[in-house]
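One structure below.
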Amino acid sequence: MNDPDRIPRSLGAKDYATVWDNVAKVREHAFELVDTSRTEEELERAGQTLAPFLVKGLAITREDVVFELGCGVARLGKGVAPHAREWWGLDVSANMVEIARERCRGIPNVRFFVGTGADLADVPTASVDKMYCHGVFIHMDKEDWYTYLVDARRVLKPGGLFYFDIWNLCDPVGWLRWQCERNLYRDRSDRPAHRNQFSTPDEVRQMLLMTGWLPLEVFETFNVQAVATHAPAGVDRAAFLADVERRCGRCFEALRLTPGDVQAFRERVVEMLRERGLEPETGPASP
């Protein structure tokens, strides 16, 4: 497991861009905080393992423009891009994007944006067929990922698919992951912007409702995994959703975490807790 003190916890900044730019001053630190990998070879293996699930789960084809919100060092994008017409990646950190460009050198259909930290202003309206945001909203306050949900609907074409995930506080394993984070920062007045954040399935559904998205599925394990689309104003929503299903089926079932995934992650989290001298919390009598 990673040494939690090896990379500075504060990084001397409160805004996301500066925090992640400071992380990405050291290439291996960027790898580790986005993936726990410490080498290019580990990162490449991890990306090539996960990317096919996104390709299948969003029914990505060579006709699609695919957009990754929070692309980091292109861990996923490098594996997704060859399956799309174009792959676009946006990150708030210019240093992360620089590493991503270098890693994707030689892939002709990639395009990068450095984000403002507030919206997707440089990404054209209704320009994207498929969109995903994996392991990014977990590092944001709710106010901020809500704002991204609003602008993401502008960017995605009606009937396109959007996937995102966030830690699930209501799941027993999600709670243990929060126990780790709580132990790490509860006695610190300096709580950095990149720390892990947690939500609930009901909050995610409410966010989607209030930002005008149509949920296709919300999976609930230690992550809340949401897949959504949106419709033009005035259309028959039932007919519109039936057309989306006709085109895509339930492709997003490929993104659902399996019982084996959940068990393996629980074991990792329990190991993390015990390395810190803690036992997993199991009920109201737990400290």
Unmet requirement for residue 135, which otherwise passes all of (1) under 25 Å from residue 220 (Cα atoms); (2) within 16 Å of the chain's Cα centre (by Cα); (3) surrounded by 21 or more Cβ atoms within 10 Å (Cβ to Cβ); (4) not hydrophobic (A, V, I, L, M, F, W, C) = (3)
Which listed residue is within 21 Å of residue 48 (Cβ to Cβ) and in contact with a helix residue (DSSP H, G or I) (Cβ under 8 Å, 6 or more places away or on another chain), from 100, 84 = 100
Scanning region 16-36 for residues that are out of contact with any Gly (no Cβ under 9 Å at 6 or more places or on another chain) and not in a helix (DSSP H, G or I), the one most open to solvent (accessible area, probe 1.4 Å) turns out to be 25
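Does residue 196 satisfy being touching a helix residue (DSSP H, G or I) at 6+ places or on another chain (Cβ under 6 Å), surrounded by fewer than 18 Cβ atoms within 10 Å (Cβ to Cβ) and at pLDDT below 95? It would help to see each step written out before you state the result.
Numbers: touching a helix residue (DSSP H, G or I) at 6+ places or on another chain (Cβ under 6 Å): yes; surrounded by fewer than 18 Cβ atoms within 10 Å (Cβ to Cβ): yes; at pLDDT below 95: yes.
Yes, satisfied.
Condition first: assigned to a strand (DSSP E or B) and either at pLDDT 95 or above or in contact with an Asp or Glu (Cβ under 8 Å, 6 or more places away or on another chain) (or both). Can you find one or more residues in region 170-182 that meet it? Before you say what the answer is, go through the steps one by one.
Filtering region 170-182 down to residues assigned to a strand (DSSP E or B) leaves none.
So far as region 170-182 goes, no, none of its residues is assigned to a strand (DSSP E or B) and either at pLDDT 95 or above or in contact with an Asp or Glu (Cβ under 8 Å, 6 or more places away or on another chain) (or both).
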Considering every residue within region 104-125, establish whether at least one is aliphatic (A, V, I, L, M), part of a loop (DSSP other than H, G, I, E, B) and under 17 Å from the mean Cα position of the chain (by Cα).
-> yes
Restricting the search to region 237-270, which residues are under 18 Å from the mean Cα position of the chain (by Cα), part of a helix (DSSP H, G or I) and of a type outside the set (Val, Ile, Thr)?
-> 252, 253, 254, 255, 261, 265
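Only one residue in 279, 267, 253, 275 is over 30 Å from residue 127 (Cα atoms) and touching a helix residue (DSSP H, G or I) at 6+ places or on another chain (Cβ under 9 Å), so which one is that?
Values: 267 fails: touching a helix residue (DSSP H, G or I) at 6+ places or on another chain (Cβ under 9 Å); 253 fails: over 30 Å from residue 127 (Cα atoms); 275 fails: touching a helix residue (DSSP H, G or I) at 6+ places or on another chain (Cβ under 9 Å).
Only one candidate qualifies: 279.
With respect to residue 99, determine if the residue is touching a strand residue (DSSP E or B) at 6+ places or on another chain (Cβ under 6 Å), part of a helix (DSSP H, G or I) and not acidic (Asp, Glu).
Values: touching a strand residue (DSSP E or B) at 6+ places or on another chain (Cβ under 6 Å): no; part of a helix (DSSP H, G or I): yes; not acidic (Asp, Glu): yes.
Answer is no for this residue.
Select from region 158-182 the residues that are under 30 Å from residue 237 (Cα atoms) and without any contact (Cβ under 8 Å) to a residue 60 or more places away in the chain and write down the one among them that is surrounded by the most Cβ atoms within 10 Å (Cβ to Cβ).
The selected residue is 166.
Please work out if residue 152 is under 21 Å from residue 199 (Cα atoms), assigned to a helix (DSSP H, G or I), at pLDDT 95 or above and open to solvent by less than 10 Å² (accessible area, probe 1.4 Å).
Working: under 21 Å from residue 199 (Cα atoms): yes; assigned to a helix (DSSP H, G or I): yes; at pLDDT 95 or above: yes; open to solvent by less than 10 Å² (accessible area, probe 1.4 Å): yes.
Criteria met by residue 152.
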Given (1) within 19 Å of the chain's Cα centre (by Cα); (2) not in a helix (DSSP H, G or I), number of the condition residue 212 does not satisfy | (1)
With 165, 144 as the choices, which residue is under 25 Å from residue 71 (Cβ atoms), in contact with a helix residue (DSSP H, G or I) (Cβ under 8 Å, 6 or more places away or on another chain) and outside any helix (DSSP H, G or I)?
-> 165
Unique match (being open to solvent by 30 Å² or more (accessible area, probe 1.4 Å), under 14 Å from residue 163 (Cα atoms), in contact with a strand residue (DSSP E or B) (Cβ under 9 Å, 6 or more places away or on another chain) and not acidic (Asp, Glu)) among 257, 241 | 257
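The rows are residues; the columns are (1) more than 17 Å from residue 170 (Cα to Cα); (2) acidic (Asp, Glu).
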position	(1), (2)
226	no, no
234	yes, no
243	yes, yes
249	yes, no
253	yes, yes
274	yes, no
283	no, no
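Could you identify the single residue in 125, 116 that is open to solvent by 20 Å² or more (accessible area, probe 1.4 Å), farther than 20 Å from residue 214 by Cα and in contact (Cβ under 8 Å) with a residue 12 or more places away in the chain?
Values: 125 fails: farther than 20 Å from residue 214 by Cα.
Testing whether each residue is open to solvent by 20 Å² or more (accessible area, probe 1.4 Å), farther than 20 Å from residue 214 by Cα and in contact (Cβ under 8 Å) with a residue 12 or more places away in the chain leaves just 116.
The values are calculated or read from the model by the stated rules, or taken from the named source; none is laboratory data. Since the model is a prediction, treat every value here as computed from it, not as a measurement. Every residue, glycine among them, receives a Cβ derived from its backbone with ideal geometry; neighbour counts consider all protein chains shown. Quick note on the areas: whole protein, heavy atoms, side chains included, nothing else; ligands and nucleic acids left out. Shrake-Rupley method; radii C 1.70, N 1.55, O 1.52, S 1.80 Å.
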